[in-house]
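The block underneath contains the structure these notes are about, expressed in structure tokens.
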Amino acid sequence: MSMAAVPQKLDSRYLEALGPLRPLVDDDSLTEIMVNGPEMVYVERKGKILLTDIRFDDEAHLMRVIDTIGAAVGRRIDSRTPLMDARLLDGSRVNAAIPPVALDGPILTIRKFSKDPYQVSDLIGFGTMTQEAAAFIQACVLARANILVSGGTGTGKTTLLNVCSGFIPIDERIVTIEDAAELQLHQEHVCRLEARPADVNGEGRIAIRELVINSLRMRPDRIVVGECRGGEALDMLQAMNTGHDGSLTTIHANSPRETLSRLETLVLMAGLDLPLKAIRQQIAGAIDLVIQLSRLKDGSRKVVSVTEIIGMEGEMITVQEIFKFESRGADPSTGKIIGDFEPTGIRPRIIDRLFDMGIPLPPRLAQIFPDRRQVGVATEKNGHLSGVA
Ligand SMILES: Nc1ncnc2c1ncn2[C@@H]1O[C@H](COP(=O)(O)OP(=O)(O)OP(=O)(O)O)[C@@H](O)[C@H]1O
Ligand SMILES: [Mg+2]
């Protein structure tokens, strides 16, 4: 059975088998369940980690629950293969690590599947990004920009990738490629591919990289890769540089600069022994935009930068920041970080493409960055620049 099966409503026998986890799996207000051995069960709610009073009888009890979770989706875990990626039948992503690699007993981590994934309006409501930045990103997606969503663990990369993918027009053919299918696109014309680990005999592994290469033969209008974390980075860059524009992916990095060096490292993992300059040229030619996520001290997840990759100067990739989050410290009463997410005032290169394609800019950006050709026309006609929005 494929792990990427459409999420099911959990039947009572399955829920029963989840034992002490059942009320947590049922509770839609939780985003994460973290079991550290039989006696410590943590949950995350609204970005805060809480210790619950839930207990397993003993280690063997916890192991039985982990076995059940794996067995239901055809995955196994034992002391020889002590790590397991799996999924609950409702679609939640599961990871288990057991002894001997887990030193203090089995560790189970469940990222709860959201039945109702965050929409762009939710992210704006949380203050993750502004309406204006969202409108700019939407325009870039429509203009088929190649976009990297970058951030550390749990910063909201997959969620933002899902939102960005939601901007893809419904008449385009989308191929999604993931390690564990998490994306929930609302479009109809979506082909979902999921990688798979080797079976118990060490055979049958299908890596993300193979799926990326295969997707190119599937007449994609867009390729959406859940996360780039290996040699598939090279294949993605090559695809982006050879006409498969408008691709989206995420990458694990803490700043736009780090994103670029991480991408270099990933391309090297493809094992082709390319000179660094050639790799950088591929990156500079392929990637248009890096959207950087960060988790602030108050637990909130924020887009802290939107950065454009503009080309090469000598050996270096040149970038320019289009939007930037500037913190003004924490509110003394609530502890919430206050700050502004504002355009830096640098004119995005992609704007000309937006104008060419007739894609409207958010109003304030249109005011700051008028269409130069219209400016030219207005100058000829009127001899001055007033009245040009
Ligand atoms: N902007 C946001 N504001 C608040 N909560 C969010 C936001 N984005 C995501 N979340 C929540 O944070 C958790 C992690 O989100 P997500 O899976 O998108 O992160 P990620 O960076 O892809 O994580 P990982 O590194 O594990 O792949 C989820 O429970 C999700 O619902
Ligand atoms: Mg993710």
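The values are calculated or read from the model by the stated rules, or taken from the named source; none is laboratory data. Quick caveat: nothing in here was measured; it's all calculated off a predicted structure. Because the Cβ atoms are built from the backbone with ideal geometry, glycine has one as well, and the counts that use them run over all protein chains shown.
Observations, loosely collected:
- Pick from the range 204-250, criterion under 24 Å from GLN138 (Cβ atoms) and charged (D, E, K, R), ranking: surrounded by the most Cβ atoms within 10 Å (Cβ to Cβ): ARG222
- For the condition in a loop (DSSP other than H, G, I, E, B), at negative phi and not hydroxyl-bearing (Ser, Thr, Tyr), ASP90 qualifies.
- The requirement of being hydrophobic (A, V, I, L, M, F, W, C), outside any loop (DSSP other than H, G, I, E, B) and under 30 Å from GLY299 (Cβ atoms) is satisfied by LEU148.
- When the range 68-87 is filtered for residues that are within 21 Å of ASP28 (Cβ to Cβ) and part of a helix (DSSP H, G or I), the ones remaining, listed by number, are ILE69, ALA72.
- Residue within the range 155-166 that is more than 10 Å from ligand 1 (Cβ to nearest atom), more than 21 Å from ASP85 (Cα to Cα) and part of a loop (DSSP other than H, G, I, E, B) present: yes
- Residue within the range 316-338 that is more than 24 Å from LEU160 (Cβ to Cβ) and modelled with pLDDT of 90 or more present: yes
- Within the range 53-77, residues that are over 13 Å from PRO106 (Cα atoms) reach partners that are of a type in the set (A, V, I, L, M, F, W, C) and loosely packed, with under 14 Cβ neighbours inside 10 Å with beta carbons closer than 9 Å, at six or more positions or on different chains, in the pairs ALA72/MET1; VAL73/MET1; VAL73/ALA5; GLY74/MET1; ARG76/VAL200.
- Every residue from the range 258-299 that is closer than 19 Å to ALA134 by Cα and either exposed (fewer than 15 other Cβ atoms within 10 Å of the Cβ) or of a type in the set (Val, Ile, Thr) (or both): ILE287, VAL290, ILE291
- Within the range 138-164, the set of residues being closer than 20 Å to ILE350 by Cα and in contact with a His (Cβ under 9 Å, 6 or more places away or on another chain) comprises ASN146, SER150.
- The listed residues are MET63, MET84, and the only one of them that is surrounded by 14 or more Cβ atoms within 10 Å (Cβ to Cβ), modelled with pLDDT of 95 or more and among the hydrophobic types (A, V, I, L, M, F, W, C) turns out to be MET63.
- Checked against (1) within 16 Å of ligand 1 (Cβ to nearest atom); (2) not in a loop (DSSP other than H, G, I, E, B), ALA135 meets all criteria but (1).
For every residue, the table says whether it meets (1) modelled with pLDDT of 95 or more; (2) charged (D, E, K, R); (3) surrounded by fewer than 18 Cβ atoms within 10 Å (Cβ to Cβ).
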| site | (1), (2), (3) |
| --- | --- |
| SER92 | no, no, no |
| ASP104 | no, yes, yes |
| ILE107 | yes, no, no |
| ILE110 | yes, no, no |
| LYS115 | no, yes, yes |
| SER121 | yes, no, yes |
| ALA134 | yes, no, no |
| ALA143 | yes, no, no |
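- Failed item in (1) more than 24 Å from the chain's Cα centre (by Cα); (2) modelled with pLDDT of 95 or more; (3) more than 30 Å from ILE338 (Cβ to Cβ), with LEU51 passing the rest: (3)
- Filtered by the rule that a residue be without any contact (Cβ under 8 Å) to a residue 40 or more places away in the chain and either in contact with a His (Cβ under 6 Å, 6 or more places away or on another chain) or among the hydrophobic types (A, V, I, L, M, F, W, C) (or both), the range 168-192 gives ILE170, LEU185, VAL190, CYS191.
- Checking each residue in the range 333-376 for being among the small types (Gly, Ala, Ser), assigned to a helix (DSSP H, G or I) and either more than 15 Å from ILE322 (Cα to Cα) or under 26 Å from the mean Cα position of the chain (by Cα) (or both) picks out only GLY376.
- Residue in the range 15-30 that is part of a strand (DSSP E or B) and more than 16 Å from ligand 2 (Cβ to nearest atom) present: yes
- Selection over the range 167-211 of residues that are touching a Cys at 6+ places or on another chain (Cβ under 9 Å) and part of a helix (DSSP H, G or I) gives a count of 1.
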